1. Among all residue pairs at least 6 apart or on different chains, which show Cβ distances below 6 Å where the first residue, located in the range 1-24, is within 17 Å of Thr37 (Cα to Cα) and open to solvent by 40 Å² or more (accessible area, probe 1.4 Å) and the second is among the hydroxyl-bearing types (Ser, Thr, Tyr) and modelled with pLDDT under 95?
2. Taking into account only those residues within the range 1-43 that are over 16 Å from the mean Cα position of the chain (by Cα) and aliphatic (A, V, I, L, M), which is nearest to Leu134 (Cα to Cα)?
3. Of all the residues that make up the range 140-173, how many are of a type in the set (A, V, I, L, M, F, W, C), out of contact with any Pro (no Cβ under 9 Å at 6 or more places or on another chain) and modelled with pLDDT under 90?
4. Which residues, taken from the range 122-142, are open to solvent by 50 Å² or more (accessible area, probe 1.4 Å) and not aliphatic (A, V, I, L, M)?
5. Here's a check for you: in the range 97-114, which residue that is in contact with a His (Cβ under 8 Å, 6 or more places away or on another chain) and outside any loop (DSSP other than H, G, I, E, B) is nearest to Leu134 (Cα to Cα)?
6. Out of the residues in the range 8-62 that are over 24 Å from Gly147 (Cα atoms) and basic (Lys, Arg), state the one that is modelled with the lowest pLDDT.
7. For Arg52, indicate whether it is open to solvent by 70 Å² or more (accessible area, probe 1.4 Å) and in a helix (DSSP H, G or I).
8. Going residue by residue through the range 125-134, is there one that turns out to be at pLDDT below 90 and out of contact with any strand residue (DSSP E or B) (no Cβ under 7 Å at 6 or more places or on another chain)?
Amino acid sequence: MDILLSRELHLTPSDHETLICLDFRTEKPYKALRILTDYHDAKMLDDMTQARRMIQRGIRKYLKGTDPSQWEQFLPVVNLVTLSLDFEGAFLGAAHRHPPKQALVISEGMSSPGFGRHKVSQGHWRAVVCVNALVSDLVCYRLVIQGVEESDPDPVEYRCMELHTHTVHSDGGAS
């Protein structure tokens, strides 16, 4: 596996609601891209006074008609840093999910939810770190993008399972 991009970003409240574009190139085709993100060291705002103030401000701005005294129903207040990906200027998708630690895959045969399947060709790529909400004083965001070669182990972990339910409409008691 080749490391195509490895960055550690130190995000502060001034980065709140910003986009950080990180360009990289693939000099050869790959079987897949493996994208690792991590910012688990600072996910949640623990200061309840500050959380109350932020939530009530958000209620007044976005939820007109909602009682700001009901602010606790919106806890916890968390950081949200997400990622989107472009290839040669075309949007490939986004991982706008809350887990701060993620392992994503882009390939022609299968890509992580939120991303279209795409051949990992030689060319210009852009990872866009979306700092949607930053409520901590400092968040260390790590991003590593690896090029997976044909000889490397498969980057996707497959689990064999059968998903089904038994309801009152079949042979079960669940509604």
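The values are calculated or read from the model by the stated rules, or taken from the named source; none is laboratory data. Note that the structure is a prediction, hence the values are computed from the model and not measured. Here the Cβ is made from the backbone with ideal geometry for all residues, glycine too, and neighbour counts use every protein chain on show. Please note that ligands, DNA and RNA were not included when accessible areas were found on the heavy atoms of the full protein model with its side chains. Shrake-Rupley method; radii C 1.70, N 1.55, O 1.52, S 1.80 Å.
1. none
2. Only one residue tops the list, namely Leu5.
3. The qualifying residues number 5.
4. Those that are open to solvent by 50 Å² or more (accessible area, probe 1.4 Å) and not aliphatic (A, V, I, L, M): Gln122, His124, Arg126, Asn132, Asp137, Arg142.
5. So the residue we want is Lys101.
6. Restricting to residues being over 24 Å from Gly147 (Cα atoms) and basic (Lys, Arg), the top hit is Lys43.
7. yes
8. no
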